[in-house]
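First comes the structure, then the notes that go with it.
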Amino acid sequence: MKNNQLKNKRNIKRFIPPFMRKKTFAYSMLTVNILFITWVVVTETGLADELFLPGPLKIWQSFIEVSTEGYQGNTLFVHVFTSVNRILAAFIMACIVGIPMGVLMGASKIARALLNPLIEFYRPLPPLGLYTLLVMWLGIGEESKLALLFLAALPGLIIATIQAVQNIDPVYLRVAKGLGASKKTILFNVYLPAAGPTILAGMRISLGFTYTVLVAAEIVAASAGIGWMIWDAAKFLLSDVVIMGLIVLGLTGIGLDIFMRFIGRILMPWTRYLGP
Amino acid sequence: MNQNIFTKTKGKVVIDNISISYSSRNEQIYALKDISATINPGEFVCILGPSGCGKSSLLNGIAGFVNPSNGKIALDNKVINKPSPEMGMVFQQYSLYPWKTVKENISFGPSINKKGNESPEEIAVKFLDMIGLSKYANHYPNELSGGMQQRVGIARALANYPDVLLMDEPFGALDSQTRIIMQENLLKIWREFKITVVFVTHDIDEAVFLADRILLMSTLPGKIKRDLKIDLPRPRDKETTDSKRFIELRQICHSLIREESIKAFEKQNQ
Ligand SMILES: Nc1ncnc2c1ncn2[C@@H]1O[C@H](COP(=O)(O)OP(=O)(O)O)[C@@H](O)[C@H]1O
Ligand SMILES: [Mg+2]
């Protein structure tokens, strides 16, 4: 009985992201604490102008205020929910399109040659520049916002997936071919699981990149969304709302990243045993 | 095992005057040239030679992974031009799927090629028992030692009930103690299955200990230099390696290989 409980505890522990179990996590917390204390000291002593850098207390108050009373008619929850919804919708679409495209491009030279120009061309364009065109094509509504987020997410995903597929040890394919496996069997039993960990890494980077264009995507014709809230508050020099918004945005990003790693560990349980 | 009855007559490999070449830097390089050999059903044949002499190329040709540029290879009178489940391959190492458990690795083949009335699951359980790793059925390969992984690799290859087992330096990465145990186990499995085995190695002791016949290869381009019958009694065990005949045969291989290694070394330095 006791043994069983112990085992359960260990099982639960496995699902805690490894970074939190490591000693290095304590060092990371140290950096966070030093930053926080510096922030308090700089604002309390009046070294920083409160107009541009309010203290933690002010930020906290603004957090409570926007959470309960809202900003420009919407509560913080609505802003966050709207933005995270947009990001996730666009990101999931990008995964549905990008991962199969990447597998195809990784496995076939011809597919790679055909499709590469599509992503290579727009990849270096600045998101705001791209957005103006998207607005002209798709209007100022939700479509252009989602399209921009989608386009931001796509290249990272495709490139990571191509790399993942190209790096598959040929012996894995030989084993399956030697057994006479069909293309479909090879896709689901070799390509996807072998490429899985690298694809996941690509997904995490890609999600981060999607976040970086959020403000750009929400500048025009939005009345809710955390990116829009930050942009709007900046116009009125409401630095506490801006900073609070950035912190909340960052925290949702960290939350989603931890969630993705968690899903990865469940979908790919073997990765827990990779390496020593 | 009920497989014995029909595998005894199956598993004949005829290599008929084949050459295998690769193009590298716009040059045709012959890894093998004009090789012929017949491997009889149930025979244990070792292909022995220094590294780079084309052993893997020959084995991959038999497996159907590489097509010869001339000549042909046939299994039981059927020309081989692509991999088939009649042949099981054991690779050097790290060829188990890390994303499948030990049991799933073994049942993968049977789930593709359904033969007889055993379910893939039943086959996996049976072979896990045979290699003595039932306890590790639900472990992932990375949790196993190198020797255990190779036992799983052998079980995976046998799970399709192939007529020929092809092995490319399967114990090359193991320590010498584990390696000896694996060799003895392999001979037991071979006796039980009465299967044809083609075993590639550069280790002379290993070849002499295991083989009915050694095909000794020469280098650049690879040819069969000597077809050496190993007349050591079976079953073989520790005492075999102490016998006078074993030491004699080893000596013969040593001097032949030495010539080849020196030749290869000089050719590379020209
Ligand atoms: N895919 C390949 N492309 C080009 N050259 C190759 C390839 N595979 C093997 N070779 C060459 O063929 C020769 C024989 O290689 P191999 O069959 O692997 O020998 P062994 O297994 O005995 O070490 C070597 O000189 C090697 O460089
Ligand atoms: Mg080799």
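The values are calculated or read from the model by the stated rules, or taken from the named source; none is laboratory data. Predicted model only: the values in this text are computed from it and were never measured. Note that we place each Cβ from the backbone using ideal geometry, even for glycine, and neighbour counts take in every protein chain shown. What goes into the accessible areas is simple: the full protein's heavy atoms, side chains included, and nothing from ligands, DNA or RNA. Shrake-Rupley method; radii C 1.70, N 1.55, O 1.52, S 1.80 Å.
Observations on the model:
- Among the conditions (1) more than 16 Å from ligand 2 (Cβ to nearest atom); (2) within 14 Å of B:SER57 (Cα to Cα); (3) modelled with pLDDT under 90, B:ILE18 misses just one, which is (3).
- Scope the range A:221-276; condition in a helix (DSSP H, G or I) and within 14 Å of another protein chain (Cβ to nearest Cβ); matching residues: A:GLY264, A:ARG265, A:ILE266, A:LEU267, A:PRO269, A:TRP270, A:THR271, A:ARG272, A:TYR273
- Within the range A:67-87, the set of residues being assigned to a helix (DSSP H, G or I) and either in contact (Cβ under 8 Å) with a residue 12 or more places away in the chain or over 20 Å from the mean Cα position of the chain (by Cα) (or both) comprises A:SER67, A:THR68, A:LEU76, A:VAL78, A:HIS79, A:VAL80, A:THR82, A:SER83, A:VAL84, A:ARG86, A:ILE87.
The rows are residues; the columns are (1) under 22 Å from the mean Cα position of the chain (by Cα); (2) over 16 Å from A:ALA176 (Cα atoms).
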{"site": "B:GLY116", "(1), (2)": "no, yes"}
{"site": "B:GLU122", "(1), (2)": "no, yes"}
{"site": "B:GLN149", "(1), (2)": "yes, yes"}
{"site": "B:ALA155", "(1), (2)": "yes, no"}
{"site": "B:GLN177", "(1), (2)": "yes, yes"}
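- Every listed requirement among (1) among the polar types (S, T, N, Q); (2) open to solvent by less than 10 Å² (accessible area, probe 1.4 Å); (3) in the same structural domain as B:ILE15 (by TED's automatic domain parsing) is met by B:ASN105 save one, (3).
Condition check ((1) of a type in the set (Ser, Thr, Tyr); (2) surrounded by 20 or more Cβ atoms within 10 Å (Cβ to Cβ)) across all residues:
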site	(1), (2)
A:ILE99	no, yes
A:MET105	no, yes
A:LEU115	no, no
A:LEU125	no, no
A:LEU128	no, no
A:TYR131	yes, yes
A:GLY139	no, no
A:LEU154	no, yes
A:GLN163	no, no
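- The lone exception for B:TYR140 - which of (1) away from ligand 2 (no atom under 16 Å from the Cβ); (2) out of contact with any strand residue (DSSP E or B) (no Cβ under 7 Å at 6 or more places or on another chain); (3) more than 13 Å from every other protein chain (Cβ to nearest Cβ) it fails: (3)
- Put simply, of B:GLU192, B:GLU118, B:GLU184, B:GLU206 the only residue that is at negative phi, among the acidic types (Asp, Glu) and not in a helix (DSSP H, G or I) is B:GLU118.
- Of the candidates B:PHE91, B:PHE65, the single residue that is over 14 Å from the mean Cα position of the chain (by Cα), open to solvent by 10 Å² or more (accessible area, probe 1.4 Å), closer than 30 Å to B:LYS115 by Cα and within 16 Å of ligand 2 (Cβ to nearest atom) is B:PHE65.
- Meets criteria (on the phi > 0 side of the Ramachandran plot and touching a residue at least 40 places away in the same chain (Cβ under 8 Å)) for B:LYS263: no
- Some residue of the range A:144-152 being within 14 Å of chain B (Cβ to nearest Cβ) and either open to solvent by 30 Å² or more (accessible area, probe 1.4 Å) or touching a His at 6+ places or on another chain (Cβ under 8 Å) (or both): no
- Some residue of the range A:109-130 being within 11 Å of chain B (Cβ to nearest Cβ), touching a helix residue (DSSP H, G or I) at 6+ places or on another chain (Cβ under 7 Å) and over 30 Å from B:ILE80 (Cα atoms): no
- Between B:ARG226, B:ARG213, the distinction of being closer than 24 Å to B:GLY64 by Cβ and touching a strand residue (DSSP E or B) at 6+ places or on another chain (Cβ under 9 Å) belongs to B:ARG213 only.
- Condition check for B:GLU143: without any contact (Cβ under 8 Å) to a residue 40 or more places away in the chain, in contact with a Phe, Trp or Tyr (Cβ under 8 Å, 6 or more places away or on another chain) and crowded, with 17+ Cβ neighbours inside 10 Å: no
- Every residue from the range B:46-62 that is open to solvent by 10 Å² or more (accessible area, probe 1.4 Å) and either more than 6 Å from ligand 1 (Cβ to nearest atom) or within 12 Å of chain A (Cβ to nearest Cβ) (or both): B:PRO50, B:SER56, B:ASN60
- Search result, residues across the range B:104-114 that are over 22 Å from the mean Cα position of the chain (by Cα) and part of a helix (DSSP H, G or I): B:GLU104, B:SER111, B:ILE112
- Failed item, numbered, when A:GLY46 is tested on (1) surrounded by 10 or more Cβ atoms within 10 Å (Cβ to Cβ); (2) over 28 Å from A:PHE262 (Cα atoms); (3) modelled with pLDDT under 90: (1)
- Number of positions in the range B:187-222 that are buried (at least 20 other Cβ atoms within 10 Å of the Cβ) and either among the basic types (Lys, Arg) or within 15 Å of ligand 2 (Cβ to nearest atom) (or both): 10
This table checks each residue for (1) more than 16 Å from ligand 1 (Cβ to nearest atom); (2) under 21 Å from B:MET148 (Cβ atoms); (3) within 14 Å of chain A (Cβ to nearest Cβ).
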| site | (1), (2), (3) |
| --- | --- |
| B:ASP175 | yes, yes, no |
| B:ARG179 | yes, yes, no |
| B:ILE189 | yes, yes, no |
| B:GLU192 | yes, yes, no |
| B:ILE195 | yes, no, no |
| B:VAL200 | no, no, no |
| B:ILE204 | no, no, no |
| B:VAL208 | yes, no, no |
